[in-house]
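Please read the structure below before turning to the comments.
FYI, it's all coordinate maths here, none of it is from the lab. For clarity, every value in this text was computed on a predicted model and none was experimentally measured. Using ideal geometry, Cβ is built from the backbone for each residue, glycine included, and neighbour counts are taken over all protein chains shown.
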Amino acid sequence: MEVRRWTVVALIVAAAVIGTAAFASPLTNAGFETGDLTGWTQNVPSGASATVVSSHTGDLGKTYSPVYGDWFALLKTDGPGSACTISQSVSLTDGQTLSGWAAFDLRDYSPYDDSAWVRVFDGTGSQVAQPWYLGGETVDDYYDGPWTYWSWDAPSAGTYTLEYGVVNDEESYCDSYALFDAEEGAGPEPGDDSPEPATWVLLLATGALGGWARRRRGD
């Protein structure tokens, strides 16, 4: 009986480890919860900026707070055509997911179409995906956009580079901002029906206990 009890405990612990690993982010400092850009490579031209903040006020007065945790990345444009970016290279397995949240605080007007994006590059430096994009040509002038969820699944195992960016178009009188955040645990998309790690633990533990009880009854 003691052996069976410890077997159940071992199953619960194993389930917790497996469940957590299944949803672990492959990125370092995915949600910027270090309070800085640790793990990210910065390309910040003169006049631009890449910072980690706890809040931001849009051009029309919208207040942005972190989607998760206490911090998010804030990128500001500089002169026209010179992109401000942060990026991180990561090894992914076939089908492994990168995901996060992005928003665009457009502080310009047509025809000056500033833009912001999430892009993915393969090991050769070729762009393979653009999971999220907003530009002045697609939204209203002085647009305070909402946090928007994005995700991308690697088509094959390999090294990929995730890039967050923003750029000013044609003139530099009006700076725009791009915002980026992610859950450090990098779970499934909010609203997804996939069980959370804690749910997996409960399901596996219940199954183990049920099997032990049936054996005791001789079923």
Mean projection area, nm², convex hull over Cα of the stretch 29-187: 8.7 nm²
The stretch 29-187: relative contact order as a whole-number percent, Cα under 8 Å and 6+ apart: 33 percent
SER156 versus LYS62: modelled label distance in nm, points set 7 Å from Cα along the beta carbon direction: 3.9 nm
Ranked packing of 116-124, 146-154, most packed first, by mean Cβ within 10 Å: 116-124, 146-154
